[in-house]
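Let me begin by presenting the structure, written as structure tokens, before commenting on it.
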Amino acid sequence: MSNDLSHVVSADKAHVWHHLTQHKPYEVGEPRIIVEGQGIHVWDQHGTRFLDAVSGAVWTVNVGYGRTEIGDAIRDAVVKLNYFAGSAGTIPGALFAERLIEKMPGMSRVYYCNSGSEANEKAFKMVRQIAHKKYGGKKTKILYRDRDYHGGTMATMSAGGQDQRNEQYGPMAPDFIRVPHCMEYRAQWDLTGEAYGKRAAAAIEEVILREGPETVGALCLEPVTAGGGVITPPEGYWDAVQAICKKYDILLHIDEVVCGIGRTGEWFGYQHYGIKPDFVTMAKGLASGYAAIACCVTTEEVFEMFKDDPADILNHFRDISTFGGCTAGPAAALVNMDIIEREGLLENTTKMGARLIANLNALMEKHAVIGDVRGKGLFCGAELVSDRAAKTPVTEAQMGAVVAECAKQGVIIGASNRSVPGLNNVLCFAPALIITADQIDELTAAVDSALIRVFG
Ligand code: PLP
């Protein structure tokens, strides 16, 4: 490590409060500093190269590192005009909105902000305002699902299905109501396949009827649950969910913060399931982390509700996001989208995702500790259990050891977040969409030997 980097490490240890991290161990050890990235690889302060199988730890760098053309586009945009508040338009903002909507038939309006949590908050606020404007203050309840995650702000935490994240931060905001998860591997009903999917959807209807349909404004779901354990929906689930929303006049909010912009092999996760959403929120892969940008996208029908009475001073969406007016985000997002199209990254995602699943399934034959393999495109998980029949989760220490062993072999992988104690047991893989077949094999070979070292 160069002298300069020793200084960086000590500055970091002295002053940076890392996300999601216990800092006590740093008093003797040192934090990992990521110094550089290129393609699918990153280098740390010791010059060690890692294959990053989780796109910046949290599934963000969809087009990979070192894209100078995105850097150039950001530079050009900010030199011409870095910022103007979203009460006016900007050239990159208008052009990216047009481009995005081309990929989202049925949707029509883009509201810019700068984090996934914030995008979800915008949708929640729109739902609440519609409840007041159209339903006399009823229909304020927002349903969310067990194990889903929507962000770290107070309202998104209130819509959070991972209990440990909320412990010690209460009280939560009112009128966020939980519905059961749809994970077939840890089944809540003695059914399989489509029957299971329909039953899991019916569980949502039961909650709506318990709460009173006239009080429920929206249902907010991830298309594939991400940090809650890479949960792919069972067959028939989404058709039934949509029918329920329609039946009770409930707006459907799809959180695409992780799945959006190619991660699952379509532009959006919801497009695999024939879903017609009222709100789609997105962030991470939108500009692959080259600039902070997020959007809450909605339909013309929703938008119309906010302008039906120009004489009423309250009759617009009374919200602003200061940095939603930065031009760097949409300028980066435009080039990010160009790259995905030009390099055929949706197709690559489907192909490489199938290879990743096949490799993980082969590992499941070999390692009894893998209880289930799930995924969509380049977003996959392997659930680790100490007893396949009982589905007993492995310990957190064992999960940590597998992740650490992979890192020793030069591969960074992820693990699901604790939703209930003891269920932090899903290895997560979400590499950049540029990954090659050889790199997929290198990644699963590292997992193979990590499992051998930890479990024998
Ligand atoms: N929604 C989902 C599904 C997420 O996974 C995340 C973050 O991991 C968020 C929302 C929140 O995004 P942000 O951290 O940008 O606020």
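Starting from residues that are of a type in the set (D, E, K, R) and within 13 Å of the ligand (Cβ to nearest atom), keep the ones in region 257-294 and report whichever is farthest from K246 (Cα to Cα).
Looking at residues that are of a type in the set (D, E, K, R) and within 13 Å of the ligand (Cβ to nearest atom), I get K284.
Could you look through region 415-450, keep only residues that are in contact with a Cys (Cβ under 8 Å, 6 or more places away or on another chain) and modelled with pLDDT under 95, and pick out the one that is farthest from G39 (Cα to Cα)?
S416
Per-residue answers, yes or no, for (1) closer than 23 Å to I261 by Cα; (2) of a type in the set (A, V, I, L, M, F, W, C):
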site: K351; (1), (2): yes, no
site: I357; (1), (2): yes, yes
site: L363; (1), (2): no, yes
site: K376; (1), (2): yes, no
site: R388; (1), (2): no, no
site: Q409; (1), (2): no, no
site: L433; (1), (2): yes, yes
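What pairs come up if the first residue lies in region 242-257 and is in the same structural domain as I293 (by the TED database) and at pLDDT 95 or above, the second is away from the ligand (no atom under 16 Å from the Cβ) and among the basic types (K, R), and their beta carbons are under 7 Å apart, counting only those six or more places apart or on different chains?
Matching pairs, first to second residue: Q242/K276.
What number goes with the only condition from (1) modelled with pLDDT of 95 or more; (2) more than 24 Å from the chain's Cα centre (by Cα) that V9 does not pass?
(1)
Within region 340-349, count every residue that is surrounded by fewer than 17 Cβ atoms within 10 Å (Cβ to Cβ), assigned to a helix (DSSP H, G or I) and not acidic (D, E).
The number of residues fulfilling the criteria is 1.
Suppose we filter L423, L433, L384, L363 for residues that are in a strand (DSSP E or B) and either surrounded by fewer than 22 Cβ atoms within 10 Å (Cβ to Cβ) or out of contact with any Phe, Trp or Tyr (no Cβ under 8 Å at 6 or more places or on another chain) (or both); which single one remains? First the steps, then the outcome.
Numbers: L423 fails: in a strand (DSSP E or B); L433 fails: in a strand (DSSP E or B); L363 fails: in a strand (DSSP E or B).
On inspection, the qualifying residue turns out to be L384.
Scan region 107-164 for residues that are more than 14 Å from the ligand (Cβ to nearest atom), among the small types (G, A, S) and outside any loop (DSSP other than H, G, I, E, B) and jot them down.
A131
Name the residue, out of G269, G217, G227, G260, that is crowded, with 17+ Cβ neighbours inside 10 Å and either basic (K, R) or at pLDDT below 95 (or both). Can you show your working first?
On the way: G269 fails: either basic (K, R) or at pLDDT below 95 (or both); G217 fails: either basic (K, R) or at pLDDT below 95 (or both); G260 fails: either basic (K, R) or at pLDDT below 95 (or both).
Testing whether each residue is crowded, with 17+ Cβ neighbours inside 10 Å and either basic (K, R) or at pLDDT below 95 (or both) leaves just G227.
Going by the conditions given, is W59 within 16 Å of the ligand (Cβ to nearest atom) and either under 27 Å from the mean Cα position of the chain (by Cα) or closer than 25 Å to L427 by Cα (or both)? Spell out how you get there, then give the answer.
Values: within 16 Å of the ligand (Cβ to nearest atom): yes; either under 27 Å from the mean Cα position of the chain (by Cα) or closer than 25 Å to L427 by Cα (or both): yes.
Yes.
Quick check: anything in region 27-35 buried (at least 16 other Cβ atoms within 10 Å of the Cβ) and among the basic types (K, R)?
yes
The values are calculated or read from the model by the stated rules, or taken from the named source; none is laboratory data. All values reported here derive from a predicted model rather than from experimental measurement. Positions of Cβ are backbone-derived with ideal geometry, glycine not excepted, and every protein chain shown enters the neighbour counts.
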